[in-house]
């Protein structure tokens, strides 16, 4: 099988995925960036990054609260079940891509919807899904530190598959969807978000965010309050 036919087989598999968003960044799109370094550490033969996204439904976010209720069920758990379902769907899609690559004799590394491995000491991930999605043209990282897309705002769950296949890039310099309206900064109950200085896109204290998230039994205020593509503001 020729290299072109191998690549075409994997490219065709992308059209059959059960995902709301599919984007591709080629290694040349991210040359000399931290993302390229992250990718090559995980899969030295990688030539393309496939990024998958699923919409987090606003109905579930509307049930959430930034504090743990006393003596009652935690509605944040309902959102958690929804997120777990999306993670399973995304992981399956990532493995479908990897399966197509392996069938063509190409290497692939599916990275699941549960997120990448993280160094708990520094909260540093082995690869940034949101920056991979940004490189693939799916959106841009906004003031909340989340990927903000035109279609779903920040309400997106992501997964990634690295592959040796050379795929068609969807990278583009799309306009920034984040309005820098400061709503997420003002709504953050952990005070983990700050106002970016010149040359910065976001300021986030990841430790404050994590500690509050664990203590409160869940929090999604930055995502829930964002007006971009939100049904709450239609």
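The values are calculated or read from the model by the stated rules, or taken from the named source; none is laboratory data. The structure presented is a predicted model; accordingly, all values stated were derived computationally and were not measured. Cβ coordinates were reconstructed from backbone atoms using ideal geometry, including for glycine residues, and neighbour counts include every protein chain displayed.
Does residue 108 satisfy the condition of being modelled with pLDDT under 95 and either over 20 Å from residue 126 (Cβ atoms) or in contact with a helix residue (DSSP H, G or I) (Cβ under 8 Å, 6 or more places away or on another chain) (or both)? Taking the combined requirement at face value, the residue does not satisfy it. Could you list all residues from the stretch 95-134 that are buried (at least 19 other Cβ atoms within 10 Å of the Cβ), within 16 Å of residue 33 (Cα to Cα) and touching a residue at least 60 places away in the same chain (Cβ under 8 Å)? Result: 127, 128, 129, 131, 132, 133.
Against the conditions (1) under 19 Å from the mean Cα position of the chain (by Cα); (2) closer than 23 Å to residue 74 by Cβ, residue 228 satisfies every one except (2). When the helices (runs of 4 or more DSSP H) confined to the stretch 135-234 are screened for residues that are buried (at least 23 other Cβ atoms within 10 Å of the Cβ), those reaching at least 2 such residues are found at 221-225.
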